Amino acid sequence: MSVTEITETRQYLTFKLGDEVFATDVAKAREVLDVTTITKIPRTPDFMSGVINLRGNVVPVVDLRMCFEMAKTDKTVNTYIVVVEVSLNGESIAIGALVDSVEEVIDLDPDQIQPAPRIGTRIRTDFIRGIGKHDAHFIIILDIDRIFSEEELSVFGGVELNKTPAEASA
């Protein structure tokens, strides 16, 4: 969905990575969790933190800072896992995104959101739905489905999503 397709006021969950504020459509956010034990999966990319057990389901956890080529997330009392639902080949799957802190849920009108700037061909902005303005601050609105596209999710090879830990290890 592009920014031109946003025609009504929507709610966004805002969170921080470093000093920047990002947001995702609240309809994509399933829940916000305190950081728990994350089981590292061998031979996965650095941005793949591992998997967690979420009520009997294996949920991959990705360090969102590292996806954006930032330094690895330092786990603090403010660090959270935002579990989002991503559409992949018509199927909905849960993925945890490790973030520095969760801020708030805000309403943004379509006139408060502008398209991502075109900065040339060498800088990717396809994962940015738009730039929102809230209380004189800019918020980068992410397209979660593009961040966790089929190409990105293929790195989870061998981890079958939405299975119990016993089923995934069998």
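Among the residues of the range 28-58, which ones are part of a strand (DSSP E or B) and aliphatic (A, V, I, L, M)?
Those that are part of a strand (DSSP E or B) and aliphatic (A, V, I, L, M): Ala29, Val32, Leu33, Met48, Val51, Ile52, Leu54, Val58.
Please count how many residues of the range 85-106 are touching a residue at least 40 places away in the same chain (Cβ under 8 Å), more than 16 Å from Leu17 (Cα to Cα) and of a type outside the set (A, V, I, L, M).
So the answer is 3.
Answer yes or no: is there a residue in the range 41-51 that is small (Gly, Ala, Ser), closer than 23 Å to Gly132 by Cβ and crowded, with 18+ Cβ neighbours inside 10 Å. Please lay out each step first, then the result.
As a first pass, look at the range 41-51 and keep what is small (Gly, Ala, Ser): 49-50.
This time we only want the ones that are closer than 23 Å to Gly132 by Cβ, so: none.
No, the range 41-51 has no match at all.
Mind checking which residues of the range 89-105 are within 14 Å of the chain's Cα centre (by Cα) and either surrounded by 15 or more Cβ atoms within 10 Å (Cβ to Cβ) or in a loop (DSSP other than H, G, I, E, B) (or both)?
Matches in the range 89-105: Ile93, Ala94, Ile95, Gly96, Ala97, Leu98, Val99, Asp100, Val102.
Looking at Ile52, Ile81, which one is among the aliphatic types (A, V, I, L, M), at pLDDT 95 or above, touching a strand residue (DSSP E or B) at 6+ places or on another chain (Cβ under 9 Å) and farther than 21 Å from Ile139 by Cα?
Result: Ile52 is the single residue among Ile52, Ile81 that is among the aliphatic types (A, V, I, L, M), at pLDDT 95 or above, touching a strand residue (DSSP E or B) at 6+ places or on another chain (Cβ under 9 Å) and farther than 21 Å from Ile139 by Cα.
Matching residues to (1) of a type outside the set (Asp, Glu); (2) without any contact (Cβ under 8 Å) to a residue 60 or more places away in the chain; (3) more than 15 Å from Ser149 (Cα to Cα):
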site	(1), (2), (3)
Asp19	no, yes, yes
Pro42	yes, yes, yes
Val61	yes, yes, no
Lys72	yes, yes, yes
Val83	yes, yes, yes
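Assess whether Arg30 counts as being farther than 16 Å from Arg146 by Cα and either touching a Phe, Trp or Tyr at 6+ places or on another chain (Cβ under 9 Å) or surrounded by 14 or more Cβ atoms within 10 Å (Cβ to Cβ) (or both).
It is true that Arg30 is farther than 16 Å from Arg146 by Cα and either touching a Phe, Trp or Tyr at 6+ places or on another chain (Cβ under 9 Å) or surrounded by 14 or more Cβ atoms within 10 Å (Cβ to Cβ) (or both).
The values are calculated or read from the model by the stated rules, or taken from the named source; none is laboratory data. As the structure is a prediction and not an experimental result, all values here were calculated from the model. Note that we place each Cβ from the backbone using ideal geometry, even for glycine, and neighbour counts take in every protein chain shown.
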